[in-house]
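> Quick one: structure below, then a few questions.
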Amino acid sequence: MAYRLDRRVAVLEFDEQELHGTEVRCKVDVPMWILLDVQASLSNGEIQRGIDLFSERVLVDWTIEEDGKAIPANVEGMRELPISIALRIVGAWLKAAIELPLA
């Protein structure tokens, strides 16, 4: 009998005032190379590369708007966010992907 690999999606929620109520849906069961590559890119100062990889391979959806208009949950949308918010989103995903127990 083979192990059946199910790819889960997590909803990241933020308690801090600036992002309170924001939900970000991300894949958490991604190939290990993606997690390691995003983490290494950020650690090595290759922030755009890490954020782009996250946006292309991990990000599913979010509830982020600007002036009442939805910002798309994709590479272009991530590039529109202030860097502090983009990094908080990626950081929350890294934490969830590493700490999320297998069900």
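> Would you work out if the range 1-90 is rounded, prolate or oblate? Take a ≥ b ≥ c from the square roots of the eigenvalues of the alpha-carbon gyration tensor; rounded if a/c is under 1.5, else prolate when a/b is larger than b/c, oblate otherwise.
oblate
> Also: Measuring from a point 7 Å past the Cα of residue 3 along Cα-to-C-beta, which residues in the range 20-59 have an amide N at less than 20 Å?
It comes to 27-37, nothing else.
> Taking the Cα centre of the chain as the origin, how large is its charge dipole in debye, to the nearest 20, when only Lys and Arg (+1) and Asp and Glu (-1) carry charge on their Cβ atoms?
500 debye
> Then there's this: In the calculated pair distance distribution of the range 23-64, what percentage of Cα-Cα distances lie above 12 Å?
Tail of P(r) above 12 Å: 57 percent of Cα pairs.
Values quoted throughout were computed directly from the atomic coordinates according to the rules given, and no laboratory measurement underlies them. Keep in mind that this is a model prediction, so the values were computed, not measured. Note: ideal-geometry Cβ built from the backbone for every residue, glycine included; neighbour counts use all protein chains shown.
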